[in-house]
Amino acid sequence: VCSSDLYAKIDVPGGQPIHAFCTHLGSPLDIIPYAGKYRSWQGEHLHQVQQLREYIDQKAGPRGRVMLMGDMNSGPDGNGMVGEWADNYAALVANDLVDPYFTQRNVDCTWCPDNSWVDDTSPKRLIDHILLRNFGRSDAHVARILETPINLVVQGTSITTNLSDHYGLRAEIELE
């Protein structure tokens, strides 16, 4: 998978362990010509998705409880957002990973034109995710965080900026 992947098996008292994964998949680098063996940046990203899925199955098995978090550089169309490599996102969630944030009423972008680091003509995109598998009827609430700009003083000049070019997500999950 990617060198930035993190994995932890979290023991849950009286319950099934949680296999937690955190990653950052490749992004569309349209300004750099693609020279790899997967035909395009999107093809390379799909290969990363397939490797990640295999890694998850290797660590958690088909019935393991999984939480996958990170910048997936892909996402669905809908809720006022433009999908980024939506087919690759569909391959990522592939019948067993659930995106509780996307199905909430208050869903919003994580790559957003109102962010000071993003081109203000960019469409709203949801490319950062907290995905769940085999959590049963657990109550999961995911909220967007780190969206409030901060003020910095650089060489005597005050600058208002966001912390990152992405807004973050935080999940609160009540296990059954």
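Each value in this text was obtained by applying a stated rule to the coordinates, not by laboratory testing. Every value quoted in this text rests on a predicted model; they were computed, and no experiment measured them.
Table for the structure above
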{"item": "For the chain, calculated [θ]222 nm from helices alone, where every DSSP H run of n ≥ 4 adds -39500 (n - 2.57)", "result": "-5000 deg cm²/dmol"}
{"item": "Expected-Rg normalisation [2.2 N^0.38 Å, Cα atoms] applied to the chain", "result": "1.11"}
{"item": "Spatial separation of Cα centroids for segment 1-74 and segment 82-128, in angstrom", "result": "16 Å"}
{"item": "Isotropic mean projected area of the C-alpha convex hull, segment 1-72 (nm²)", "result": "5.2 nm²"}
